[in-house]
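The values are calculated or read from the model by the stated rules, or taken from the named source; none is laboratory data. All figures in this text were calculated on a predicted structure; none of them were measured in a lab. Don't worry about glycine lacking a Cβ; one is built from the backbone with ideal geometry, like all the others, and counts go over all protein chains shown. For accessibility, only protein heavy atoms count, side chains too; no ligands or nucleic acids. Shrake-Rupley method; radii C 1.70, N 1.55, O 1.52, S 1.80 Å.
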Amino acid sequence: MADIIKLLPDHVANQIAAGEVVQRPASVVKELLENAIDAGSTSIKLIVKDGGKALIQVVDDGIGMSETDARLSFERHATSKISSAQDLFNLQTKGFRGEALASIAAIAHVDIQTRTESKEVGTQLKIEGSKIVSQDVVAAPVGTSISVKNLFFNIPARRNFLKSNQVELRHITDEFHRVALVHPNIEFHFYNNGSEIFNLPKGKHRQRIAHIFGSKMESRLVPVNEETEVVRISGFICKPEFAKKSRGEQFFFANNRFIKSPYLHHAVVAAFEGLIKQDMYPGYFLYLEVDPSSIDINIHPTKTEVKFDDENTLYAILRSTIKHSLGQFNVAPVLDFDHDPNLDTPYAYKEKGATLPKVTVDPTFNPFQDSSMGRSSGGGFQKKSSKGWEGLYEGLEKDVDIEEFSSVAIESEGEIQGTIYEEDHLAEEHLAATFQLRRKYVVSTVKSGMLVIHQKRAHERILFEKFLGEITVKEGVSQQLLFPLELTFTKQELVILKEIKDSLTNIGFAFESLEEETVKVTGVPMVVPESGIGTVLDRLIADYKEGFMEGSLSQAEVLAKVLSKNLAVRTGEFLDQESQQALVNNLFACKEPTLSPFQKLTYTIISEGDIDKKFS
Ligand code: ADP
Ligand code: MG
């Protein structure tokens, strides 16, 4: 038999390698930014068009490359960063595999211009699918500019797999954040389709974080600092009250590389225990420095998982360091959240600042004194007749109506009243009485037995269908705000807000300007309580971002889901009689009453037979 093994030609090998290194435009951004940093740049520009599909360009003012180096840099395993395997144990640079440029050049049109300080003129190279198509001498500033156009031009399957420009831009932005957050001493500019979306001047870590995530972030940060033999930890955590419902602002860096570590994440969450609710995520920006030989150096270009030698120790140190910071900066536990949801802080109360508890000392107090002397009996301490937890909320009623949210939320819609009783198999002759069980379920009777409705899920279903309708037919009722509300958003949040603005307007939101960090809200849908507008919009943006990334649902559907999730009555909320009835009616007026928008059961019927059995 003839020999059948062949060596793959280089350009084919490069294309295969590219599949590993370059998954999407954001991967190219990461590699190019890292190279610019390794080149000792002090100012870096990132220019992107159409989510990186049309163009990704990185311009730096680093050391540049000689003509030979420029040509070599596109060869596989061409790197200036290591020369022996031993170097791997003491890496100071981000790159070392010499794979990135070769891979990128295999699947895109690449144009590079570069000049070193010692030369008067620079070199320009154009490469298409691994082939150098031209080389010229050019006038160029010291440093390097690499533009990558038409990514995946020769792999249509890959190109078709890319998501919308907005989604790709978000991945790029995430990558940009990860790099910019570890190099506050480098100036960054980021342009998308011609407009500057980030301008990050040099500064300290804290300022860098604020420049990226908005000025409101700065006051939320609590510094973290610890130095042990194993690790040096620095950075910031966000105060617990600013914990978010999304995983957005959580960053670990090990030796100046962004890493993902569910294990260390857990350590942080454990330190926050008791300070934030279960489904909330604390924000953090934590920089770890460890001996390079103590982490797994075989860092894959696209992977961000690392392996530490002594993870358990790291876990313990991290957790106690953060606890310490939380304690030191007076963010000590006040409430235990693992309790009866009935005790949850009412919605409007959260917006108010905490007041210091007053401690009154009775200077005449003597534990040995007889009760007849005017003190309490039984050893001195007598619990003041406690109003229990309700006392916590004293004074609240005067300002806000806690139940307002609920009753407004489940407004009964006149014409559909009684639908289930007329044509449904659930029918009973007339409106049955309802009651609320543990502020969680609404119970009523139907012909076949007992109807138990999950209040939160049912309301989600009702709102979901309502919003979906409104978004498509634009008929949301808006409540105009007497005093427009000014809210601040980060640039990234603004991008999302603009994206969903039309849908939001359709359901009743009204915005005055969306150009600045500060947005004026002039109107909101009827179901949104004025006190909660900021929170609702924050969550909306966070959830929308996540939801949109996950599936390929329509924008209307994602938004309706997100809105319903955030605006539905919660478990633990009191519903008055009217709201309970409205909930029942509106639920059965839905097209799909049985499931919540998240495919969970909204109600169940316990049959008379089942009840009978209990008594047999
Ligand atoms: P690696 O970064 O792993 O060395 P790359 O393929 O990313 O591999 O880059 C190959 C080489 O090209 C680098 O080692 C470096 O010498 C050179 N290089 C790439 N980008 C730049 C740049 N922006 N400025 C100067 N040199 C660069
Ligand atoms: Mg590199």
> Is it true that some residue in region 559-572 is among the hydrophobic types (A, V, I, L, M, F, W, C) and within 15 Å of Arg439 (Cα to Cα)?
Replying inline: yes
> When you go through (1) under 25 Å from the mean Cα position of the chain (by Cα); (2) at pLDDT 60 or above; (3) over 23 Å from Ile237 (Cα atoms) one by one for Ser325, which number turns out not to apply?
Replying inline: (3)
>> Which residue is nearest to Glu175 (Cα to Cα), if the candidates are limited to region 24-74 and must be more than 13 Å from ligand 1 (Cβ to nearest atom) and in contact with a His (Cβ under 9 Å, 6 or more places away or on another chain)?
In response: Ala26
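Identify the residue in region 193-219 that is at pLDDT 90 or above and of a type in the set (D, E, K, R) and, among all such residues, is nearest to Lys49 (Cα to Cα). Walk me through it before giving the result.
Step one: filter region 193-219 for residues at pLDDT 90 or above, giving 193-213.
Those left that are additionally of a type in the set (D, E, K, R): 196, 202, 204, 206, 208.
On the way: Glu196: 12, Lys202: 25, Lys204: 30, Arg206: 30, Arg208: 24 Å.
Restricting to residues being at pLDDT 90 or above and of a type in the set (D, E, K, R), the top hit is Glu196.
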> For residues in region 15-43 being touching a Ser or Thr at 6+ places or on another chain (Cβ under 8 Å) and open to solvent by less than 10 Å² (accessible area, probe 1.4 Å), which is modelled with the highest pLDDT?
Replying inline: Ala36
> Just for helices (runs of 4 or more DSSP H) wholly inside region 124-229: which have at least 3 residues that are buried (at least 21 other Cβ atoms within 10 Å of the Cβ)?
Replying inline: 165-182, 205-213
>> Being of a type in the set (S, T, N, Q) and farther than 30 Å from Glu168 by Cβ is the filter here; which residues of region 456-492 pass it?
In response: Ser478, Gln479, Gln480
> Limited to region 85-102, what total is found for residues that are within 10 Å of ligand 2 (Cβ to nearest atom) and either open to solvent by 40 Å² or more (accessible area, probe 1.4 Å) or of a type outside the set (A, V, I, L, M, F, W, C) (or both)?
Replying inline: 6
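For region 598-616, how many residues are within 30 Å of Lys561 (Cα to Cα) and touching a residue at least 40 places away in the same chain (Cβ under 8 Å)? Outline the logic, then answer.
Keep residues of region 598-616 that are within 30 Å of Lys561 (Cα to Cα), which gives 598-606.
Still in the list and also touching a residue at least 40 places away in the same chain (Cβ under 8 Å): 598, 600-606.
Total satisfying the criteria: 8.
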>> Just to be sure before I move on: is Glu67 more than 22 Å from Val182 (Cβ to Cβ) and either at pLDDT 95 or above or surrounded by 15 or more Cβ atoms within 10 Å (Cβ to Cβ) (or both) in the structure I sent?
In response: yes
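Quick one: how many residues across region 55-64 are part of a loop (DSSP other than H, G, I, E, B) and either open to solvent by 80 Å² or more (accessible area, probe 1.4 Å) or away from ligand 2 (no atom under 14 Å from the Cβ) (or both)?
Going through region 55-64, the residues part of a loop (DSSP other than H, G, I, E, B) turn out to be 61-64.
Narrowing the set further to residues that are either open to solvent by 80 Å² or more (accessible area, probe 1.4 Å) or away from ligand 2 (no atom under 14 Å from the Cβ) (or both) leaves 61, 63-64.
Of the residues in region 55-64, 3 are part of a loop (DSSP other than H, G, I, E, B) and either open to solvent by 80 Å² or more (accessible area, probe 1.4 Å) or away from ligand 2 (no atom under 14 Å from the Cβ) (or both).
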> What residue, among those in region 580-615 that are out of contact with any strand residue (DSSP E or B) (no Cβ under 9 Å at 6 or more places or on another chain) and not assigned by TED's automatic domain parsing to the domain that holds His459, is surrounded by the fewest Cβ atoms within 10 Å (Cβ to Cβ)?
Replying inline: Phe615
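Please specify each residue of region 519-532 satisfying the condition of being within 25 Å of Ile197 (Cβ to Cβ) and buried (at least 16 other Cβ atoms within 10 Å of the Cβ). Walk me through it before giving the result.
Our first condition is that a residue be within 25 Å of Ile197 (Cβ to Cβ); within region 519-532, this holds for 519-521.
Result: Val519, Val521.
For every residue, the table says whether it meets (1) in a helix (DSSP H, G or I); (2) touching a residue at least 12 places away in the same chain (Cβ under 8 Å); (3) not assigned by TED's automatic domain parsing to the domain that holds Ala54.
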site: Thr79; (1), (2), (3): no, yes, no
site: Ile82; (1), (2), (3): no, yes, no
site: Lys94; (1), (2), (3): no, yes, no
site: Arg97; (1), (2), (3): no, yes, no
site: Ile104; (1), (2), (3): yes, yes, no
site: Thr114; (1), (2), (3): no, yes, no
site: Ser118; (1), (2), (3): no, no, no
> Thr114 versus (1) more than 15 Å from ligand 2 (Cβ to nearest atom); (2) of a type in the set (S, T, N, Q); (3) surrounded by 20 or more Cβ atoms within 10 Å (Cβ to Cβ): which is the lone unmet condition?
Replying inline: (1)
> Of the residues that make up region 130-142, is at least one under 22 Å from Ile47 (Cβ atoms), away from ligand 1 (no atom under 13 Å from the Cβ), within 37 Å of the chain's Cα centre (by Cα) and in contact (Cβ under 8 Å) with a residue 12 or more places away in the chain?
Replying inline: no
> Tell me, which residue of region 75-110 that is modelled with pLDDT of 80 or more and more than 12 Å from ligand 1 (Cβ to nearest atom) is farthest from Arg158 (Cα to Cα)?
Replying inline: His109
